[in-house]
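S.K.: Pasting in a structure now, in structure tokens, and then I'll have a few things to ask.
The values are calculated or read from the model by the stated rules, or taken from the named source; none is laboratory data. All figures in this text were calculated on a predicted structure; none of them were measured in a lab. Every residue, glycine among them, receives a Cβ derived from its backbone with ideal geometry; neighbour counts consider all protein chains shown.
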Amino acid sequence: MQETGKNALIIFIKNPEIGKVKTRLAKTVGDEKALKIYEALMEHTRKIATALPVNRRLFYSQYVNELDSWSPEKFQKALQIEANLGEKMATAFHTVFKENEKVIIIGSDCASLTPEIVQTAFDKLDDFPFVIGPAIDGGYYLLGMNQFTPEVFNDIEWSTETVCSTTIERINSLDKTYFLLPELSDIDYEEDWVKYGWELEGDKKTPKILK
């Protein structure tokens, strides 16, 4: 399971259940298509993660599924705690830092994320305490640190346009430095999906962009 080195990638996902994922997207495309789009995004995220020589830690929202497409040989699986997003992430970082020196977290909503961007984040953690991947909506699609620092999750209004800026304020208050990755967009609305030219191919749930 463990790769060489001490780099770990945390991935937060929601259990793919109809009507419970991509709810903002579902308002215009319907629950069924929203689920298929989310499954396509998870496949995209899986390919990114498996392309990297890191320890992969997968955290589910509701329950651990040992029989899904996330191979237990490639992903160490766990369950997110019941708390707000900041506490969920802080707990995951605390757990993963016990066995690793550089830790990065991503979700499964970013269509334009690449293995190269994530690798750059790991590389920059040699020189910066933090790496942030800012999202266009004001959040972030990636956060990395080379030392467990739970303060960056304190007093954040999650799911708002101030998440990234407030996180940077927290880092500055600690007199720490950070590296900013390119600004990318999460897939939250139909226009986000259309923007990247993704298409669902029948029941394969494979985004065209990956070909």
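S.K.: If I filter segment 89-99 down to residues being in contact (Cβ under 8 Å) with a residue 12 or more places away in the chain and surrounded by fewer than 20 Cβ atoms within 10 Å (Cβ to Cβ), which single residue comes out as farthest from Pro134 (Cα to Cα)?
M.R.: In this case the residue turns out to be Glu99.
S.K.: Consider Trp193 against the criteria (1) surrounded by fewer than 17 Cβ atoms within 10 Å (Cβ to Cβ); (2) modelled with pLDDT under 95; (3) within 19 Å of the chain's Cα centre (by Cα): it satisfies all of them except one. Which criterion is unmet?
M.R.: (1)
S.K.: What about Val163, is it crowded, with 17+ Cβ neighbours inside 10 Å, in contact with a Lys or Arg (Cβ under 6 Å, 6 or more places away or on another chain) and without any contact (Cβ under 8 Å) to a residue 40 or more places away in the chain? Walk me through it before giving the result.
M.R.: On the way: crowded, with 17+ Cβ neighbours inside 10 Å: yes; in contact with a Lys or Arg (Cβ under 6 Å, 6 or more places away or on another chain): no; without any contact (Cβ under 8 Å) to a residue 40 or more places away in the chain: yes.
So Val163 does not fit the description; no.
S.K.: May I pose another question? Take the residues in segment 55-67 that are surrounded by fewer than 18 Cβ atoms within 10 Å (Cβ to Cβ) and in contact (Cβ under 8 Å) with a residue 40 or more places away in the chain, then tell me which one is nearest to the chain's Cα centre (by Cα).
M.R.: For segment 55-67, the residue satisfying everything is Ser61.
S.K.: Still on this structure, I have one more. Among the residues of segment 159-188, which ones are part of a loop (DSSP other than H, G, I, E, B) and under 22 Å from Arg56 (Cα atoms)?
M.R.: Leu181
S.K.: Looking only at segment 66-81, count every residue that is more than 14 Å from Thr50 (Cβ to Cβ) and at pLDDT 95 or above and tell me the total.
M.R.: Of the residues in that region, 5 qualify.
S.K.: Restricting to segment 18-43, count the residues that are more than 23 Å from Ile105 (Cβ to Cβ) and in contact (Cβ under 8 Å) with a residue 24 or more places away in the chain.
M.R.: Looking only at that region, the number is 4.
S.K.: Scan segment 137-158 for residues that are under 14 Å from Glu87 (Cα atoms), in contact (Cβ under 8 Å) with a residue 24 or more places away in the chain and not in a helix (DSSP H, G or I) and jot them down. Reasoning before the result, please.
M.R.: Here is the first cut: in segment 137-158, the ones under 14 Å from Glu87 (Cα atoms) are 148-158.
Narrowing the set further to residues that are in contact (Cβ under 8 Å) with a residue 24 or more places away in the chain leaves 148-150, 153-154, 156, 158.
Phe148, Thr149, Asn154, Ile156, Trp158 - these are the residues of segment 137-158 that are under 14 Å from Glu87 (Cα atoms), in contact (Cβ under 8 Å) with a residue 24 or more places away in the chain and not in a helix (DSSP H, G or I).
S.K.: Related question: Restricting attention to segment 44-74, report how many residues are out of contact with any strand residue (DSSP E or B) (no Cβ under 7 Å at 6 or more places or on another chain), more than 14 Å from Gly107 (Cβ to Cβ) and outside any loop (DSSP other than H, G, I, E, B).
M.R.: Qualifying residue count, segment 44-74: 2.
S.K.: Separate question: Working carefully through the options Ala83, Ala26, find the one that is over 21 Å from Leu181 (Cβ atoms), part of a loop (DSSP other than H, G, I, E, B), out of contact with any strand residue (DSSP E or B) (no Cβ under 9 Å at 6 or more places or on another chain) and of a type outside the set (D, E, K, R).
M.R.: It is Ala83.
S.K.: Here is a follow-up. When only residues in segment 100-136 that are at pLDDT below 95 and outside any loop (DSSP other than H, G, I, E, B) count, which is surrounded by the most Cβ atoms within 10 Å (Cβ to Cβ)?
M.R.: Among residues in segment 100-136 that are at pLDDT below 95 and outside any loop (DSSP other than H, G, I, E, B), the one surrounded by the most Cβ atoms within 10 Å (Cβ to Cβ) is Cys110.
S.K.: Please state which one of Asn15, Asn84 is free of Cβ contacts under 8 Å to residues at least 60 places away in the same chain, among the polar types (S, T, N, Q) and either within 27 Å of Leu125 (Cα to Cα) or surrounded by fewer than 18 Cβ atoms within 10 Å (Cβ to Cβ) (or both).
M.R.: Of Asn15, Asn84, the one residue that is free of Cβ contacts under 8 Å to residues at least 60 places away in the same chain, among the polar types (S, T, N, Q) and either within 27 Å of Leu125 (Cα to Cα) or surrounded by fewer than 18 Cβ atoms within 10 Å (Cβ to Cβ) (or both) is Asn15.
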